[in-house]
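What follows draws every value from the coordinates through simple rules; no lab data is involved. Bear in mind the structure is a predicted one, so any value in this text is a computation, not a measurement. Positions of Cβ are generated from backbone atoms using ideal geometry, with glycine treated the same way; all protein chains shown enter the neighbour counts.
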Amino acid sequence: MRLTQRSSNVRVSSGVKTLDEMCGGGFFKDSIILATGATGTGKTLLVSKFLQNGCTKGDRVILFAYEESRAQLFRNASSWGIDFEYLERQGLLKLFCAYPESAGLEDHLQMIKSEITEFKPSRIAIDSLSALARGVSNNAFRQFVIGVTGYAKQEEITGFFTNTTDQFMGSHSITDSHISTITDTILMLQYVEIRGEMSRAINVFKMRGSWHDKGIREYTISAHGAEIKDSFRNYEGIISGSPSKMSVDERGELARIVRGVQQKTD
Ligand SMILES: Nc1ncnc2c1ncn2[C@@H]1O[C@H](COP(=O)(O)OP(=O)(O)OP(=O)(O)O)[C@@H](O)[C@H]1O
Ligand SMILES: [Mg+2]
């Protein structure tokens, strides 16, 4: 497959307002987004919000699920106020659930392609890619990811994939996974320990062709879905897994240094 896809400037919403703002107005329509994080960090929630948003715009969407059953996905979604059953009855959502081990990767790719050809969705999600990587060679997995992303781009479909990492705290290397270079946007989800509580953090790690927020924001989950706040502004060391709050003095000192540098450059 050749790299000849057109590239559009059209943006689509992630379904989470603050995340759209962090991405400079939403994801690009023909792009591939990867949400990576440990188990329970909220990847399936982001997938559900992204697909629900497509449906509210009258678009057809498919969720390829390799970790959870239909019943579990329906229950998860309803705990965030999303009615997947209704969207499916409306003919806007299609849920495709399979065990990763039920077929070889080439067959999984064929199944994904034929579902797309038949249903003609505008958005697809794969939850999770890492489940499909179990027990297969790196090369075969890379070929599979290239096959899916190439096909999605050719059909001008926005693809949202998830990747479950083994590490709970601290930075996990995403550069050595085979998928990071094939995806256009990477959202990094993490657990952070602050004042004896496990909080979640979100960061737009990269976004090709667009300005994006570089900040690490707090990400909370409730019955209303996802909310992104600015509460980690005065912390440092979040990505390394040992956050500490910057004191007023330190912040003042930092501001003075920045001002000094600015004056020098003026
Ligand atoms: N209604 C709710 N209110 C508050 N928190 C909730 C609610 N529903 C789910 N959660 C939280 O969301 C978490 C699960 O989110 P999600 O399923 O998106 O994670 P995930 O990253 O997909 O995990 P996994 O890798 O295990 O699939 C739960 O661990 C729970 O803490
Ligand atoms: Mg999940």
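Which length gain, in nm to one decimal place, applies between residue 83 and residue 117 when the Cα-Cα distance is subtracted from 0.36 nm times their residue separation? Before the final figure, lay out the partial values.
Values: separation 34, 0.36 × 34 = 12.24 nm, distance 2.51 nm.
Length gained between residue 83 and residue 117: 9.7 nm.
At a 10 angstrom cut-off on C-beta neighbours, averaged per residue, how do the peptides 39-48, 197-206, 230-239 rank from highest to lowest? List each step's numbers first, then the result.
Values: 39-48: 22.2, 197-206: 18.3, 230-239: 15.0.
Per-residue Cβ counts within 10 Å, averaged per peptide and sorted highest first, yield 39-48, 197-206, 230-239.
Between residue 227 and residue 137, what FRET efficiency follows from the Cβ-Cβ distance if R0 is 45 Å, with the result rounded to 0.05?
Values: r = 40 Å, r/R0 = 0.89.
Efficiency, from the Cβ-Cβ distance: 0.65.
Using the structure shown, list the pairs from 153/214; 57/113; 49/229; 94/206; 43/206; 120/206 with a Cα-Cα distance above 19 Å, or answer none. Could you put the intermediate results ahead of the total?
Details: 153/214 26 Å; 57/113 23 Å; 49/229 17 Å; 94/206 29 Å; 43/206 17 Å; 120/206 28 Å.
153/214; 57/113; 94/206; 120/206, as the Cα separations exceed 19 Å there.
Report the net charge of residues surrounding residue 32, where surrounding means a beta-carbon distance below 13 angstrom and charges are Lys +1, Arg +1, Asp -1, Glu -1. Don't skip to the end; give the middle numbers.
Numbers: positive: 29, 123, 153, 206, 208; negative: 30, 155, 156, 184.
Net charge in that neighbourhood comes out at +1.
May I ask for the distance between the Cα centers of the range 15-80 and the range 128-146, given as a whole number of Å?
21 Å
Full extension from residue 181 to residue 102: what is 0.36 nm times the residue separation minus their Cα-Cα distance, to one decimal in nm? If you can, show how the numbers build up before the last one.
Working: separation 79, 0.36 × 79 = 28.44 nm, distance 2.76 nm.
That pair, residue 181 and residue 102, stretches by 25.7 nm at full extension.
How large is the helix-only mean residue ellipticity at 222 nm for the chain, computed as the sum of -39500 (n - 2.57) over DSSP H runs with n ≥ 4, divided by its residue count, in deg cm²/dmol to the nearest 500?
Working: 8 runs with 90 residues, N = 266.
Result for the chain, helices only: -10500 deg cm²/dmol.
Given a Förster distance of 51 angstrom, what is the FRET efficiency for residue 154 paired with residue 256, based on the Cβ-Cβ distance and rounded to 0.05? Could the numbers behind the result be given before it?
Numbers: r = 53 Å, r/R0 = 1.04.
So the FRET efficiency works out to roughly 0.45.
I need the shape label for the range 11-233. Rule: rounded when a/c is under 1.5, else prolate if a/b > b/c, else oblate, with a, b, c from the alpha carbon gyration tensor. If you can, show how the numbers build up before the last one.
Numbers: a/c = 1.42, a/b = 1.22, b/c = 1.16.
Cα axes put the range 11-233 in the rounded bin.
Note the full-extension length gain between residue 70 and residue 17 as 0.36 nm times their separation in residues minus their Cα-Cα distance, in nm to one decimal. Kindly include the intermediate steps, with their values, before the conclusion.
On the way: separation 53, 0.36 × 53 = 19.08 nm, distance 2.70 nm.
Net length gain for the segment: 16.4 nm.
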